[in-house]
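Okay, structure first, notes after.
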Amino acid sequence: MSSVADSAKPGPVADSATSGPVADSATSGPVADSATSGTVRLTVGQAVVRFLAAQWSERDGRRQRLFAGCFGIFGHGNVAGLGQALLQDEVAGGQDRLPYVLARNEQAMVHTAVAYARHKDRLQTWACTASVGPGSTNMLTGAALATVNRIPVLLLPSGTFATRVAGPVLQELEVPYAADVTVNDAFRPLSRFFDRVNRPEQLPAALLAAMRVLTDPVETGAVTIALPQDVQAEAYDWPVELFERRIWRVGRPLPEAADIADAAALISAARRPFVVAGGGVHYSGAEAALRAFCEATGIPAGESQAGKGSLPHGHPQAMGAVGSTGTTAANALAREADLVIGIGTRYADFTTASRTAFQHPDVRFVNINVARFDTGKLAGLQVVADAREALAALTAALDGYQVEPSYRERQAALWSEWDARVEAAYNPPAEVGDALAEGVLTQGTVLGCVNELSDPRDVVVCAAGSMPGDLHKLWRVRDRKAYHVEYGYSCMGYEIPGGIGVRLADPDRDVFVMVGDGSYLMMPTELVTAVQEHIKIIVVLVQNHGFHSIGSLSEALGSQRFGTSYRFRDQASGRLDGDRLPIDLAANARSLGATVIEVRDREGLVQAVKDAKAAPADGGPVVIHVETDPTVHAPDSESWWDVPVSQVSELDSTRRAYEEYTAHKAAQRPHVRGLPH
Ligand SMILES: Cc1ncc(C[n+]2csc(CCOP(=O)(O)OP(=O)(O)O)c2C)c(N)n1
Ligand SMILES: [Mg+2]
């Protein structure tokens, strides 16, 4: 990544290929008045807004604004500083602006920004401004989510007085051991870049460093610039060049020829090679290159959550999800693989089934990743490169190589066996339906209906609960941007703000937000933001009266679903096992301004999805409320996930679970095998 001059514009053009950040000569905003003096007098808040509005990203020759806008919630700290600057910007109008959108919850606005950036392949994002104290710390979870998922987002928490003259102010943290600590220091471990601008002079360097990190595929994540409330409002004479348009090129690092040669040699020698496609395939736009590679070689591919949709459903080499929430097809091939080619994956524990997925005694790994950090995992061959570039080079290097025909046949057989299980989950046999209570469906039916009735380009959004796993296994992805499950941080509450972010990024696609009752209750608030902004998202609210996911996990680990259902505390037992809580989430969604459709059977769901799709594009959110039976599970992945069980217990259920746990632990592999010389 480097920032280069926009050569299409007149004026001095820098040596774009070699230099670091170079500004374009075109200025942004009305700075001409003081251009003669070479400086412009603005507050720090005004300077931040003007600077952000002038930043662009570029990849493969295509340019876009780096910041689509700024989300915020005002309070003291930002109401006068950044708030005044955003108002002034809005009143001025014109093209190079930073539009402001009021959110309901600071955590949520970061989620929306992250979802937007993910959908834009990390080439565009939003800034987020929050008030002093709780407003700012509400963004911490969003910061962690962005950094874990490696998605760019700019956070602008407000800080207490840099001068400290009026301290301690409302919401200021006072700790006796250090006078300069503020709550915003909590952003440090969660951010890929952090700075606190205590003096205006520090701002230019902070902003330039922030842009560098945001637009670097390796470094990117949450970027935080803390802005004390007095500094935000302070005026300074800025050099006008600070506000010139800057274009930050997102690069495609090329692989070393020797690494490609080694990788090709390992693949040629393998009998059962297997690809693990991760989020890097999407961010690099490497789907066509992956397809070409798989088609040329016959090597099958499994997908992590972030990588799902790397190959379209139905492609002969597409084995779907791999790992703890994988398909039996991908997991069987992973188990037998003698070479795993990880592409843009960070090998999270769900992907490797907690290091039980790859069981071939001689298995080795070739890891293609833009981040050396990830290539080093599982003692693999390190191919540091952009996924698309590396795949093209590898396909060329493997010219003429094909897997054995019997391997292709095995892929086809495993896939058709799994696909039949998906079909049965989508359309459960009559006896399953008959056993359900009145008005209740299976989760598989809900996913199947939505999948079949949505357009291939529609986007499904989810993050936590039992649905991410079920979607990973069951969802048939037919477009590269159609699957958006946040499973790096798996944060309950991401779903609705995330859906808004996707829709903002791509208003031509319908967005289906799949949200459980638990996640919904954590953050229904942004429905109000969707109403305010006329943003259509279709929320499928799956009511199963508690935590189906954690309830099942609890049961598997011997903890008897303890504390995972929404029930009254029973007066006699003193435990949470009374009647179901009388929660009316449909009424709740309606009260927030959403259009709500309540369904009680499959036909009703089919009609609801059709009606929701037909609803006006600017008509705000549509919520489909459906009740499901949490005891009907999706087909098994024949896999495992390491969640420790109590080693000693007074409960039989825990002792049994511990025995089973130790058996699974025995299958765990260290993956430290060296590479051939
Ligand atoms: C913010 C947050 N808190 C806790 C968790 C742990 N957790 C994961 S799933 C889950 C329950 C989700 O319930 P619901 O949305 O109703 O989905 P269901 O499990 O019923 O499908 C919990 C508590 C989490 N992922 N995120
Ligand atoms: Mg639930």
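Pairs meeting the criteria (first residue in the range 650-677 and closer than 20 Å to Gln359 by Cβ, second residue open to solvent by 80 Å² or more (accessible area, probe 1.4 Å), beta carbons under 6 Å, at least 6 apart or on different chains) are Gln668/Arg355; Arg669/Arg355.
Every test in (1) polar (S, T, N, Q); (2) touching a helix residue (DSSP H, G or I) at 6+ places or on another chain (Cβ under 8 Å); (3) touching a residue at least 40 places away in the same chain (Cβ under 8 Å) is passed by Gln647 save one, and that test is (3). The selection criterion, being surrounded by 23 or more Cβ atoms within 10 Å (Cβ to Cβ), within 16 Å of ligand 1 (Cβ to nearest atom), touching a residue at least 40 places away in the same chain (Cβ under 8 Å) and more than 15 Å from the chain's Cα centre (by Cα), holds for Leu527. Screening Gln532, Gln543 for residues that are away from ligand 1 (no atom under 16 Å from the Cβ), of a type in the set (S, T, N, Q) and either surrounded by 15 or more Cβ atoms within 10 Å (Cβ to Cβ) or within 26 Å of the chain's Cα centre (by Cα) (or both) leaves exactly one candidate, Gln532.
Contact map, the range 596-607: first residue over 13 Å from Leu453 (Cβ atoms) and among the basic types (Lys, Arg), second residue loosely packed, with under 15 Cβ neighbours inside 10 Å and at pLDDT 95 or above, Cβ cut-off under 7 Å, separation 6 or more or different chains; pairs are Arg600/Gly439. All conditions but one from (1) modelled with pLDDT under 55; (2) closer than 30 Å to Asn198 by Cβ; (3) assigned to a loop (DSSP other than H, G, I, E, B) apply to Ser34; the one that does not is (3). Checking each residue in the range 518-558 for being over 30 Å from Tyr658 (Cα atoms), touching a helix residue (DSSP H, G or I) at 6+ places or on another chain (Cβ under 7 Å) and within 11 Å of ligand 2 (Cβ to nearest atom) picks out Tyr520, Leu541, Val542, Gln543. Filtering the range 229-245 for residues that are closer than 30 Å to Gly77 by Cα, in a strand (DSSP E or B), open to solvent by 20 Å² or more (accessible area, probe 1.4 Å) and among the basic types (Lys, Arg) leaves a non-empty set. Taken together, the residues in the range 480-509 that are within 16 Å of ligand 2 (Cβ to nearest atom) and either surrounded by fewer than 22 Cβ atoms within 10 Å (Cβ to Cβ) or more than 18 Å from Met109 (Cα to Cα) (or both) amount to 2.
For (1) among the β-branched types (Val, Ile, Thr); (2) open to solvent by 20 Å² or more (accessible area, probe 1.4 Å), each residue gets a yes or a no:
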| site | (1), (2) |
| --- | --- |
| Pro405 | no, yes |
| Gln411 | no, no |
| Asp434 | no, yes |
| Thr442 | yes, no |
| Asp458 | no, no |
| Cys462 | no, no |
| Arg478 | no, yes |
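Of all the listed residues (Phe562, Phe568, Phe512), the sole one being crowded, with 18+ Cβ neighbours inside 10 Å and hydrophobic (A, V, I, L, M, F, W, C) is Phe512.
Taken over the range 488-502, the criterion of being more than 10 Å from ligand 1 (Cβ to nearest atom) and touching a strand residue (DSSP E or B) at 6+ places or on another chain (Cβ under 9 Å) is satisfied by Ile496, Gly498, Gly499, Ile500, Gly501, Val502. Residues in the range 413-432 that are open to solvent by 50 Å² or more (accessible area, probe 1.4 Å) and under 13 Å from Leu333 (Cβ atoms): Ala413, Glu417.
Residue pairs whose Cβ atoms lie under 8 Å apart, sitting 6 or more positions apart in sequence or on different chains, and linking a residue in the range 187-214 that is more than 24 Å from Glu58 (Cβ to Cβ) to a partner that is open to solvent by less than 50 Å² (accessible area, probe 1.4 Å) and among the charged types (D, E, K, R), are Gln202/Asp195. A Cβ distance below 6 Å, combined with a sequence gap of six or more or placement on separate chains, defines the contacts here; from the range 408-424, residues that are more than 14 Å from Gly298 (Cβ to Cβ) reach residues that are among the β-branched types (Val, Ile, Thr) and in a helix (DSSP H, G or I) in the pairs Trp418/Thr328. With respect to the conditions (1) of a type outside the set (Val, Ile, Thr); (2) surrounded by 24 or more Cβ atoms within 10 Å (Cβ to Cβ); (3) in contact with a Cys (Cβ under 9 Å, 6 or more places away or on another chain), Ala286 falls short on a single one, namely (3). The set of residues in the range 614-655 that are under 24 Å from Pro428 (Cβ atoms), not hydrophobic (A, V, I, L, M, F, W, C) and not in a loop (DSSP other than H, G, I, E, B) comprises His625, Glu627, Thr628. Looking across the range 559-589, the residues that are aromatic (Phe, Trp, Tyr) and more than 10 Å from ligand 2 (Cβ to nearest atom) come down to Phe562, Phe568. Being open to solvent by 20 Å² or more (accessible area, probe 1.4 Å) and among the polar types (S, T, N, Q) is not true of Asn78. Are any residues in the range 235-274 within 30 Å of Pro300 (Cα to Cα) and under 29 Å from the mean Cα position of the chain (by Cα), and if so, which ones? Within the range 235-274, Val250, Gly251, Arg252, Pro253, Leu254, Pro255, Pro273, Phe274 qualify. Do we have Leu585 as within 12 Å of ligand 1 (Cβ to nearest atom), farther than 30 Å from Val643 by Cα, touching a residue at least 40 places away in the same chain (Cβ under 8 Å) and open to solvent by less than 10 Å² (accessible area, probe 1.4 Å) here? The answer is yes for Leu585. When the range 326-342 is examined, which residues are found to be out of contact with any Phe, Trp or Tyr (no Cβ under 6 Å at 6 or more places or on another chain), closer than 27 Å to Ser490 by Cα and in a loop (DSSP other than H, G, I, E, B)? Answer for the range 326-342, where residues must be out of contact with any Phe, Trp or Tyr (no Cβ under 6 Å at 6 or more places or on another chain), closer than 27 Å to Ser490 by Cα and in a loop (DSSP other than H, G, I, E, B): just Gly326.
The values are calculated or read from the model by the stated rules, or taken from the named source; none is laboratory data. Fair warning: this is a prediction, and the values are worked out from it, not measured in the lab. Reconstructed Cβ throughout: ideal geometry from the backbone, glycine too, with neighbour counts over all protein chains shown. These accessible areas exclude ligands, DNA and RNA; they are computed on the full protein's heavy atoms, side chains included. Shrake-Rupley method; radii C 1.70, N 1.55, O 1.52, S 1.80 Å.
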